Amino acid sequence: MSAIPQERRLVTAVPGPKSQELQSRRTASVAGGVGSVLPVFAAKADGGIVEDVDGNRFIDFGSGIAVTTVGASAEAVVRRASAQLADFTHTCFMVTPYEGYVAVAEALAELTPGDHAKKSALFNSGAEAVENAVKIARSYTKRQAVVVFDHGYHGRTNLTMALTSKNMPYKHGFGPFAPEVYRVPVAYGYRWPTGPDNCGPEAAEQAIDHIAKQIGAENVAAIIIEPVLGEGGFIEPAKGFLPAIAQYAKDNGIVFVADEIQSGFCRTGQWFACEDEGIVPDLITTAKGIAGGLPLSAVTGRAEIMDAAHGGGLGGTYGGNPVACAGALGAIETMKELDLNARAKRIEAVMKPRLAAMQEKFEAIGDVRGRGAMLAVELVKDRTTKEPDPQATAKVAKACHEAGLLVLTTGTYSNVVRFLPPLVIGEDLLNDGLDVLEEAFAAL
């Protein structure tokens, strides 16, 4: 039973007067570099609805960027986190440990791909997880180079900005960046010169050739890739690409890291997106959907790799905070009880045919892609040239927002509308949101 009526409702213009008042206070006190998609201030959120301070209710197709997978106030998350809050908020696991951290590590060992012995280290954010995966891989291999991919996104710290491919807004003016980072092609089927059917093997061959010639496999500590590239535009690497890269890593003693921060925890209809082609990564980084909205991240992987770092070399004051760990156990409980993998597949079954029908109807939609509840449409000015259309993308998003549908844009060319609804969203809300989206395209 949801705490908020699960229906779209607009009672003021967007943003309403209370949000505008808060926006004035924000402008005076919050750094300008911190942006927001929609200048409405949330008061409540549950199920598939975000309610603002003016009483407007928005259908949530964003989940706080894939975070509130189980909903923004899931009962098990609230119950477990509240109980932990009453016991203690912090001791620092590096000072006096507690069971919740261990229980999360045990759950990750159970859920992540592969039946090998696994261990985990917990942190606060996705960027921290990726950065620590690099530290662990370098410690294990005694090598320095890190290979990443075109259109990849891995965070906003100095090292993870270097790993990220998109300049604006993530890197512009913030250099110099960490060295020994190398970027190679990815299998972006929609934009591959010889077409999607050839993309997987051709892109893998190109990427491996780049590594061999420009870096030398014997110098590479880690290859890091998102099994579905998030900020780059919800790009699913063409079939065969990921297995070829993973095999190359294995053959050359390179640590293969799956960055599942946006795609993990049931989002694509599997616990982790890399399972789609049977990939078993050496290390897997998780965050976002892991803890129902509380800040937590993890690196999980082969025990012998995870143990390579010296004692005291991994950690952080807040890493694996007890309240966040309790939230994670509640989120995982919810995912299992409600079979959210099946719910993600059902969301795809509802949304993808309707998005495909819109593609038939509206020339602006060049591509429809994604899996589970991680779906996207790419907008172009011309389907033949595939020239990106970021202006139309911004117009569609704005029209959706004004009509009470919260959508996010993404992509290296800022021309992708992405859909990340909470997996607990009702189908009536899904369809209502798709109606709003269709109206926004019709108004272009």
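The values are calculated or read from the model by the stated rules, or taken from the named source; none is laboratory data. All values reported here derive from a predicted model rather than from experimental measurement. Note that we place each Cβ from the backbone using ideal geometry, even for glycine, and neighbour counts take in every protein chain shown.
Among the residues of region 12-38, those that are over 28 Å from Glu75 (Cα atoms) and outside any helix (DSSP H, G or I) comprise Thr12, Ala13, Val14, Pro15, Gly16, Val30, Ala31, Gly32, Gly33, Val34, Gly35.
Hey, could you check region 10-50 for residues that are under 28 Å from the mean Cα position of the chain (by Cα) and of a type in the set (D, E, K, R) and say which is nearest to Met168 (Cα to Cα)? It comes out as Arg26. For region 141-164, what are the residues that are within 15 Å of Gln262 (Cβ to Cβ), of a type outside the set (Val, Ile, Thr) and in a loop (DSSP other than H, G, I, E, B)? Within region 141-164, His151, Gly152, Tyr153, His154, Gly155, Arg156 qualify. The residue list Arg369, Arg418 contains one member that is under 22 Å from Ser36 (Cβ atoms), of a type in the set (Lys, Arg), surrounded by 16 or more Cβ atoms within 10 Å (Cβ to Cβ) and within 22 Å of the chain's Cα centre (by Cα), which is Arg418. Every condition in (1) outside the structural domain of Ala81 (by TED's automatic domain parsing); (2) of a type outside the set (Phe, Trp, Tyr); (3) over 19 Å from the mean Cα position of the chain (by Cα) holds for Arg343 except the one numbered (3).
Give region 231-249 a look and list any residue that's more than 15 Å from Glu205 (Cα to Cα), in contact with a strand residue (DSSP E or B) (Cβ under 7 Å, 6 or more places away or on another chain) and of a type outside the set (Asp, Glu), or say none. Break it down into steps so the answer makes sense when it comes.
Residues of region 231-249 more than 15 Å from Glu205 (Cα to Cα): 231-236.
If we keep only those that are in contact with a strand residue (DSSP E or B) (Cβ under 7 Å, 6 or more places away or on another chain) too, we end up with 231, 233-236.
Passing the criteria: Gly233, Phe234, Ile235.
Only residues that are outside any strand (DSSP E or B) and either among the charged types (D, E, K, R) or buried (at least 22 other Cβ atoms within 10 Å of the Cβ) (or both) were counted in region 57-75, giving 12.
Out of the residues in region 341-357 meeting the condition of being within 16 Å of Val70 (Cα to Cα) and touching a Lys or Arg at 6+ places or on another chain (Cβ under 9 Å), tell me which one is surrounded by the most Cβ atoms within 10 Å (Cβ to Cβ). Checking each candidate, the answer is Ala344. Within region 366-381, one or more residues are of a type in the set (A, V, I, L, M, F, W, C) and part of a loop (DSSP other than H, G, I, E, B). Among all residues of region 35-53, there is at least one that is touching a helix residue (DSSP H, G or I) at 6+ places or on another chain (Cβ under 6 Å) and at pLDDT below 95.
Checked against (1) more than 16 Å from Ala127 (Cα to Cα); (2) surrounded by 18 or more Cβ atoms within 10 Å (Cβ to Cβ); (3) of a type in the set (S, T, N, Q), Ser165 passes all but a single condition, namely (1). Within region 86-118, the set of residues being outside any loop (DSSP other than H, G, I, E, B) and either of a type in the set (Phe, Trp, Tyr) or surrounded by fewer than 17 Cβ atoms within 10 Å (Cβ to Cβ) (or both) comprises Ala86, Asp87, Glu99, Tyr101, Val102, Ala103, Glu106, Glu110. It is to be established whether one or more residues within region 24-35 are surrounded by 12 or more Cβ atoms within 10 Å (Cβ to Cβ) and either within 16 Å of Gly293 (Cα to Cα) or outside the structural domain of Leu420 (by TED's automatic domain parsing) (or both). Within region 24-35 (the criterion being surrounded by 12 or more Cβ atoms within 10 Å (Cβ to Cβ) and either within 16 Å of Gly293 (Cα to Cα) or outside the structural domain of Leu420 (by TED's automatic domain parsing) (or both)), the answer is no, since none of the residues qualifies. Residue-level analysis places Ala83 outside the set of residues that are in contact with a helix residue (DSSP H, G or I) (Cβ under 8 Å, 6 or more places away or on another chain), assigned by TED's automatic domain parsing to the domain that holds Gly316, at pLDDT 95 or above and buried (at least 19 other Cβ atoms within 10 Å of the Cβ). Whether any residue in region 407-421 is under 19 Å from Thr268 (Cβ atoms) and among the basic types (Lys, Arg) is what I want to check. Yes, region 407-421 contains a residue that is under 19 Å from Thr268 (Cβ atoms) and among the basic types (Lys, Arg). Check region 191-199 and report whether any residue there is in contact with a helix residue (DSSP H, G or I) (Cβ under 8 Å, 6 or more places away or on another chain), surrounded by fewer than 19 Cβ atoms within 10 Å (Cβ to Cβ) and in contact (Cβ under 8 Å) with a residue 40 or more places away in the chain. Yes, some residue in region 191-199 is in contact with a helix residue (DSSP H, G or I) (Cβ under 8 Å, 6 or more places away or on another chain), surrounded by fewer than 19 Cβ atoms within 10 Å (Cβ to Cβ) and in contact (Cβ under 8 Å) with a residue 40 or more places away in the chain.
I'd like to verify a number: residues in region 217-239 that are outside any helix (DSSP H, G or I) and without any contact (Cβ under 8 Å) to a residue 40 or more places away in the chain, how many? So that I can check it myself, show each step before the final result.
Let us first name the residues in region 217-239 that are outside any helix (DSSP H, G or I), namely 220-239.
Subsequent filtering for residues that are without any contact (Cβ under 8 Å) to a residue 40 or more places away in the chain retains 239.
The total comes to 1.
Scan region 376-385 and tell me whether some residue there is of a type in the set (Gly, Ala, Ser), in contact with a Gly (Cβ under 7 Å, 6 or more places away or on another chain) and either modelled with pLDDT of 95 or more or not assigned by TED's automatic domain parsing to the domain that holds Tyr190 (or both). Taking every residue of region 376-385 in turn, at least one turns out to be of a type in the set (Gly, Ala, Ser), in contact with a Gly (Cβ under 7 Å, 6 or more places away or on another chain) and either modelled with pLDDT of 95 or more or not assigned by TED's automatic domain parsing to the domain that holds Tyr190 (or both).
Restricting attention to region 90-118 and to residues that are in contact with a strand residue (DSSP E or B) (Cβ under 7 Å, 6 or more places away or on another chain) and not hydrophobic (A, V, I, L, M, F, W, C), the residue that is farthest from Gly289 (Cα to Cα) turns out to be His116. Here Arg418 passes the criteria (1) over 28 Å from Asn56 (Cβ atoms); (2) part of a strand (DSSP E or B) except the one numbered (1).
Residue-level check: of (1) buried (at least 22 other Cβ atoms within 10 Å of the Cβ); (2) over 24 Å from Ile65 (Cβ atoms), Gly155 misses just (2).
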